[in-house]
1. Would you work out the Kirkwood radius for region 57-190? I mean one over the mean of 1/r across all pairs of different Cα atoms, in Å.
2. Using the heavy atoms of the protein chains and a 1.4 angstrom probe, tell me the accessible area per residue for region 72-181 in square angstrom.
3. According to a simple spin-label model (label point 7 Å from Cα along Cα-to-Cβ), what is the distance in nm between residue 192 and residue 110?
4. At a probe radius of 1.4 Å, what is the per-residue accessible area of residue 104, in Å² to the nearest 10?
5. Thinking of region 268-311 as a set of Cα atoms, what percent of all their pairs are more than 12 Å apart?
6. Out of every Cα pair in region 351-393, what percent are spaced more than 17 Å from each other?
7. Could you give the accessible area per residue of region 197-269, probe 1.4 Å, as a whole number in Å²?
8. Taking the alpha-carbon centroid of each part, what is the distance from region 225-278 to region 364-408 in angstrom?
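The values are calculated or read from the model by the stated rules, or taken from the named source; none is laboratory data. Just so it is clear, the model here is predicted, and its values are computed rather than measured. Quick reminder, even Gly has a Cβ in these numbers, built from the backbone with ideal geometry, and neighbours come from all protein chains shown. The area values use the complete protein model at the heavy-atom level, side chains included, leaving out ligands, DNA and RNA. Shrake-Rupley method; radii C 1.70, N 1.55, O 1.52, S 1.80 Å.
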Amino acid sequence: MTTRLLSVLVLISAAFAQAPQTPSAAPDLIVSARARQIHDSAIVVDTHADTPQRFLDEGFDIGSTDPKDPGHISLDKARRGNLGAEFFSIWVDPETNQGRFARHTFDLIDSVYEQAAHHPDRMMMAFSVADIERAHREHKLAALMGIEGGHSIENDIHLLRDYYRLGVRYMTLSWSNTNEWADSSGDINNPQIEHHNGLTDFGKQVVLEMNRMGMMVDISHVSDKTFWDAIATTKAPVIASHSSARALVDAPRNMTDDMLRAVAKNGGVVQVNFYSGFDDDNFRKAMEAQAKDQAAAIQNYMDQLKAQGKPVNYVDVDRIEREWMAKIPRPPLKSLIDHIDYIAKIAGVDHVGLGSDFDGVSGATPQGIDSAADLPKITQSLLDRGYSATDIHKILGGNLLRVFSQVERVSREMKSEMAVK
Ligand SMILES: [Zn+2]
């Protein structure tokens with residue numbers, strides 16, 4: 001959230017496009033008893049929510065029941081949407097945290113533990129597939145953590161291992177910024193950034209160390225070459241924690257058909273991003289058209305604060321971003337379902353899941369998806385497209401749990417190989 005979108009907007013070209021047609025306001029999708037039954041009997045896993053920034057910067061309490069809260073995630077919303085496990089994103093803004101990436105990473109990790117400590121009756125920290133299953137049995141939200149951006153390890157393999165020990169179970173090799181060992185899709189065309197032609201030797205070592213520890217390798221955000229290097233290096237299946245299909249929307253961060261097939265061959269899973277800027281072409285074009293003005297509005301706000309000697313307030317930046325996003329009509333839910341359906345067709349139904357990017361997209365989700373409480377509408381939509389209950393369960397979380405189990409198994413094997421006998 002907050003400056004995340006600003007960075008994306010600054011990076012994309014502000015090519016002017018025609019304003020899109022306003023989609024007619026669709027009547028709200030009714031979730032049938034059958035869809036509700038299928039949905040409620042699944043372990044629903046979402047692999048990307050940016051809520052920790054709200055915990056840390058806004059003092060947001062996940063137990064909040066404030067009806068005016070614009071957030072996507074709360075314990076109440078999770079319960080209503082039968083969300084079983086959430087991977088909370090540990091995202092450190094590389095611009096504003098220069099020189100203290102690790103420090104901020106630790107603070108965000110702490111913020112997730114503190115929420116779980118305040119709500120032990122409804123939420124628990126989880127570190128394994130077995131933990132997620134136990135949380136499901138106990139009707140608690142399983143809270144997991146994924147680091148978004150390899151810059152958090154500060155080029156230090158020891159720090160990577162410490163993050164694993166603190167419970168981090170995936171790491172996105174890069175965020176929108178190229179770090180010192182992995183190229184990002186976010187700045188790959190910027191000649192001022194020093195690139196590495198994918199992963200450096202150290203980057204490959206990081207991937208193998210993640211395999212050994214049992215931390216899932218996440219290829220969302222990385223450049224195409226980094227993706228291919230990661231696939232060639234990893235000994236375990238990879239995930240894309242929040243990525244959509246490039247054939248449908250030509251965003252550099254979306255995945256090509258070849259990449260989707262490669263993830264299938266690797267045994268991994270692509271978790272579809274709910275952000276309309278990645279899922280809907282009209283929305284994306286409208287966003288590109290307003291990118292310059294939005295960036296200028298935020299810069300203006302920052303300059304004002306600077307002149308007053310005050311620090312940047314992320315709540316205000318998020319508010320400005322939301323105001324700009326709200327000018328663009330939200331696409332129909334179909335735009336999101338199309339990506340799930342497309343990836344299921346290209347990669348196979350065993351290789352697609354949900355990576356919402358909740359609380360990280362300034363409210364820019366499709367119509368009908370206002371929070372985790374709306375997840376059953378996805379089940380209804382898949383049912384409407386002819387998906388079986390078994391396949392829907394795979395998409396809702398079964399595929400991710402299979403990949404996570406496999407990552408745990410590879411880790412056990414690698415650890416036993418290195419153990420002195
Ligand atoms: Zn992201």
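1. By the Kirkwood definition, the hydrodynamic radius is 16.0 Å.
2. Roughly 37 Å² per residue, with all protein chains present.
3. 3.4
4. Using a 1.4 Å probe on the heavy atoms, I get roughly 30 Å².
5. 70
6. Considering region 351-393, 36 percent of its Cα-Cα pairs are separated by more than 17 Å.
7. Result: 31 Å² per residue.
8. Centre-to-centre distance over Cα atoms comes out at 17 Å.
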